[in-house]
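Chemist: Attaching a single structure in structure tokens format; questions to follow.
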Amino acid sequence: ATETPAVSEAREIISAFRHTFALTAGAVLLSAGAVILILYQTDRLARHRARFAAAAAHELKTPLASLLLHAEMLAEDLGDPEHRSRYAATLGAEADRLGRVVSNMLDLARLERSTPFAAPRAGELGPAVRARVERHRMRLEDAGFTVELDIEPGLPAALFDSDALDQILDNLLDNAEKHPRSVEDRQVSVKAMHDDDWLRIEVADNGPGIPRSQRRAMFRPFDRAEDAVGRPGLGLGLAVARSLARAQGGELDLESTNRPGATFVLTLPLAEV
């Protein structure tokens, strides 16, 4: 039987209603999903900020307490008089540590704005690496570490920013100090060598190493290893160090080896002859 005009019109109305309802329901679901995502991101950001604030307070409080203690010892002639030079050196080391915390926080802002913050120039890499390692040696040895430094003789000139290199090595050496604390024979090794068209710096420790599942996230700001809870640090050092390496035309990565511990490799370009 042929449909009457009324039935045809009713079918068209029902079809239009179903189409409109489907579109409306889809839009509502998308909006609900967007709201849930925004709430999740807001909660995640709040948790990051809370964790960051607590870690920053700890990172600033610890060296400040040490600075105050050693300054009072020097001012009041306390402690062993023969160790006064060591107390003064400790003041310098803790001031450096405070400076690194502040620098990492400032560089995080630059990193988020993708602002270049390195001005590489041709220079001798060996003396720059040696000077930075020696600046950390006393602090590391006081913490029970054996420090090994191996610089290949006759390295060609590299293209690097000396301040950026210092900050990368500071962060890598700080990182190397934090992880092998459960190891009795603690070691930190720094090597500088020529590798084809690059200069290569290795910073290695003999700690527990970094699980493969955590290696992709460790160069992201605020991402820290699962076993790092309670361990000092802001989760910024490796992120800032990699950004500084790339700003110089180089790279920073974790090398996969069969040796215990973690080996970070910084590569920097050769200077044009």
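Chemist: Please list, ordered by first then second residue, the pairs with beta carbon atoms under 6 Å, 6 or more apart or interchain, first in the stretch 123-147 and over 17 Å from K178 (Cα atoms), second small (G, A, S) and in a helix (DSSP H, G or I).
Modeler: These pairs meet every condition: A128/S162.
Chemist: Can you tell me which residue is most open to solvent (accessible area, probe 1.4 Å) among those in the stretch 136-163 that are under 20 Å from Q248 (Cβ atoms) and outside any strand (DSSP E or B)? Spell out the reasoning first.
Modeler: Filtering the stretch 136-163 for residues under 20 Å from Q248 (Cβ atoms) gives 151-152, 155-163.
Pick out the ones that are also outside any strand (DSSP E or B) and you get 152, 155-157, 161-163.
Details: E152: 72, L155: 22, P156: 44, A157: 35, D161: 25, S162: 64, D163: 113 Å².
Taking the candidates together, the pick is D163.
Chemist: Separate question: So in the stretch 183-197, with the set limited to residues that are of a type in the set (A, V, I, L, M, F, W, C) and over 12 Å from V265 (Cβ atoms), which one is most open to solvent (accessible area, probe 1.4 Å)? Break it down stepwise before answering.
Modeler: Going residue by residue through the stretch 183-197, those that are of a type in the set (A, V, I, L, M, F, W, C) are 183, 188, 190, 192-193.
Still in the running and over 12 Å from V265 (Cβ atoms): 183, 188.
Values: V183: 40, V188: 0 Å².
The residue in question is V183.
Chemist: Can you run down the residue pairs with Cβ atoms below 7 Å, 6 or more apart or on separate chains, where the first is in the stretch 3-24 and open to solvent by 80 Å² or more (accessible area, probe 1.4 Å) and the partner is among the hydroxyl-bearing types (S, T, Y)?
Modeler: none
Chemist: Six or more apart or on different chains, Cβ under 6 Å: which pairs go from a residue in the stretch 239-258 that's without any contact (Cβ under 8 Å) to a residue 60 or more places away in the chain to one that's open to solvent by less than 60 Å² (accessible area, probe 1.4 Å) and part of a helix (DSSP H, G or I)? Could you list them?
Modeler: From the stretch 239-258, the pairs are E251/A245.
Chemist: Looking only at residues in the stretch 164-179 that are open to solvent by 20 Å² or more (accessible area, probe 1.4 Å) and more than 11 Å from A128 (Cβ to Cβ), which one is modelled with the lowest pLDDT?
Modeler: Let us first name the residues in the stretch 164-179 that are open to solvent by 20 Å² or more (accessible area, probe 1.4 Å), namely 166-167, 174-175, 177-179.
Remaining after also requiring more than 11 Å from A128 (Cβ to Cβ): 167, 174-175, 177-179.
Details: Q167: 89, D174: 87, N175: 85, E177: 84, K178: 79, H179: 69.
The selected residue is H179.
The values are calculated or read from the model by the stated rules, or taken from the named source; none is laboratory data. The shown structure was predicted, so the numbers you read here are calculated from the model rather than taken from an experiment. Counting neighbours? That spans all protein chains shown, and the Cβs are built from the backbone with ideal geometry, glycine included. We work out accessible area using only protein heavy atoms, side chains counted, and drop any ligands, DNA or RNA first. Shrake-Rupley method; radii C 1.70, N 1.55, O 1.52, S 1.80 Å.
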